[in-house]
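The values are calculated or read from the model by the stated rules, or taken from the named source; none is laboratory data. Owing to the predicted nature of the structure, the values given are computational and were not obtained by experimental measurement. All Cβ positions, glycine included, derive from the backbone under ideal geometry; neighbour counts span all protein chains shown. In case anyone asks, the SASA skips ligands and DNA or RNA and just uses the protein heavy atoms, side chains included. Shrake-Rupley method; radii C 1.70, N 1.55, O 1.52, S 1.80 Å.
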Amino acid sequence: QVFDAEGKDVTPHPLSCSDPRQGGLSAWSACFGAAVSALASSSSTQDSTCLLTTTETPLSETTEPGSQRDTAATLTDVQVRRKKVTEEPTEGGLDRRVDIYLSETQTLWMLDLPSVVVSVQSEDAGRVLERNKLYSDVCKSRAGSDRFVEKMMQTLNRATKNKEVQCDDVLVEEKGTMATSWDLFDSTNPSETQPTSGAAGRSRGMSGQSSRCHPSQEHPQAVAASSDRGKIALVHPAVTLARIQEEEKGRSLVMLTSEKFQQDLFFMERIVMGNIFQPKLAAYRQFPVLAEPDVTSDASGMVAAVKEAEQNELDKEKEDKEKQREGFTDPSAPSDLNNSPEEAVAPSLEQLWTFSCDLTRGHSVSSMAWNKANPDLLAVAYRACDFKDQKDSLVCCWSLKNPKWPERVFCCEHRVTALDFSLGSPSLVGVGLYDGSVAVYDVRSWEGAALLDSSHSSGNHSGPVWQLRWVEQDRDADGRKERLLSISADGRVTEWLVQARLDCTDLMIIKQTEREKLPGEEGRKKEAPLSQQAAGLCFDFHPKETHLYLAGTEEGLVHLCSCLGNRRFLETYRGHRAPVYRVAWNPFSTEMFLSCSADWTILLWHQESQAPLLTFHSPSEFVQDVMWSPKSPFTFAAVNESRAALWDLTASILNPTISCPASPGVPFTSVLFANSTDCLLLGDSEGGVAVFKLHNLAAASSDQV
């Protein structure tokens, strides 16, 4: 037995009963009660802060198996010495109340991380805010404060250590060989000799120098020897010379066909052409033309030559002005031009050069277009002069840096009828073909294949594509977007979707309208048309309202149409009696437009009037093309088969200001103004594009516009 300081019995008792005869819950309860009482008596000597009270329930409420197992499981950690129970528990001891006192030990801190943030509602919040404010003031005033001192100190350098590593010695080996004059000759001329027998090979194998310098396996034609004597024999000099020439020819061919050489040749050709056409290009760009003085031996002679050349140029200009005042002007110019005292010099044309080469000769120029981003790049469409030959067609891109050969050449399977450069993607050029298909080429590519082709599309035109345009229009969601549009002889105005392939949708189907009867046809019966669709030959979009466009038809009518989903004509202008070949809006006065036709006339229209304002007659020939000047609202140019005419409405409305006759048997086919200079381009039926300089053409003032 164990007694405490007060004399109480604190002897530990076993938690389980070892006597099976006492089994059951009553025996276990007795043992548990004794243990609890012992623990309570032993803990009475300590400072108790917690009281745990347990009350035993009747036997009927504690006989569940689960509760017994749970209670026993909680007491498995209590280890006591097993002692034999000498007294038996009684029924009264089961109802006894046992008090258990638990005390808390001292807290042991394993890790303490003080917080760097204080709550605003805490007691130390004011003190922390005050310290933070003082620290901020010190940081702001540290640069100019007396308490801030900047000092420098030098630290000690660490002691250096030397480390040595031993490696293997570098082995040096000397080798040498001996070569005879024959070996040197064979190695420098490997193609002049050939092996003919095994004896010669064995003799060369024995002489190690020759075999090492020139093995017979690599050069089977290196050495020629006789089989009977085993001696080396040389080849005839004529055969050697022929082989050398063949090898040089092969090397030259490889060099000429290399990409690097072709590129260098391309730039060199540009430089040479720039030197040859320097005066013409300077006149085209409106730069002063510099005369080249005669180079002399001394500096004084060079200065004198320069002064003499300048004086000769001034004298020549004075003579030209005097001749023009005396009446040596263009005979096609109207006589009333020189009546005005303000105009001392009559307008004239000066031919600078012609874009032409062997590829384009014998072809007719069908269309021309300037690049929207590069004003020096011109695209020209060529078609065969023979109408039956539809496959001999070209698209050439000319540059002002080389007027004698095109930069790019694209061969087309069918006759090219129209082309135009893109504005959003300046490297793309759209091409309309005679079979009704549309193709898109990339001028950056050296290959002649089309980037996109609609030849396999189900929406192709059933007739020739007579005109094609890239038009930038306003869209509600996407903003401004470029569209590729075409007009064809099948009467369709089509928009092409430039995506992975070319798909199309129709904007307008031009229907035939009832033609007004001419004088003397009132009594004739009306003839039923063979087709309800009218062939479209040309169109042009409004400079500002890009959803409006004019469409010229084979009936001689000009229709005003819209792209906003309305397939009806907004207006129809009747004035021509033959097919309309070209319509053109005025870029300055956007209510005015021109139309030319096969009825030998050019008509000036106003958008709000169905009758033409002015009529310009051509001398009994079809008017092929007409175009407004990009610099004057009163100037336009037109071409027919025999001449090109330049009209200035401020000077005369009866006769053209300048008239340029075509070469005999070479009619003009198209006309185009230069965008940045006062130059005019005329295409003919022999593949030439002549560039003319406009001189002394009156410029329109702002009040006239």
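A few notes on this one:
- Test for residue 694: is it over 17 Å from residue 385 (Cβ atoms) and touching a residue at least 60 places away in the same chain (Cβ under 8 Å): yes
- None of 669, 677 is part of a loop (DSSP other than H, G, I, E, B) and out of contact with any Leu (no Cβ under 8 Å at 6 or more places or on another chain) except 677.
- On inspection, residue 498 passes the criterion of being β-branched (Val, Ile, Thr) and open to solvent by 50 Å² or more (accessible area, probe 1.4 Å).
- Members of segment 546-591 that are out of contact with any Cys (no Cβ under 8 Å at 6 or more places or on another chain), open to solvent by 50 Å² or more (accessible area, probe 1.4 Å) and farther than 16 Å from residue 508 by Cβ: 574, 577, 587, 588, 591
- Residues in segment 634-658 that are in contact with a strand residue (DSSP E or B) (Cβ under 6 Å, 6 or more places away or on another chain), among the acidic types (Asp, Glu) and more than 21 Å from residue 613 (Cβ to Cβ): 0 in all.
- Checking each residue in segment 388-416 for being modelled with pLDDT of 90 or more and among the small types (Gly, Ala, Ser) picks out only 399.
- Single unsatisfied condition, residue 446 versus (1) open to solvent by 60 Å² or more (accessible area, probe 1.4 Å); (2) over 21 Å from the mean Cα position of the chain (by Cα); (3) of a type in the set (Phe, Trp, Tyr): (2)
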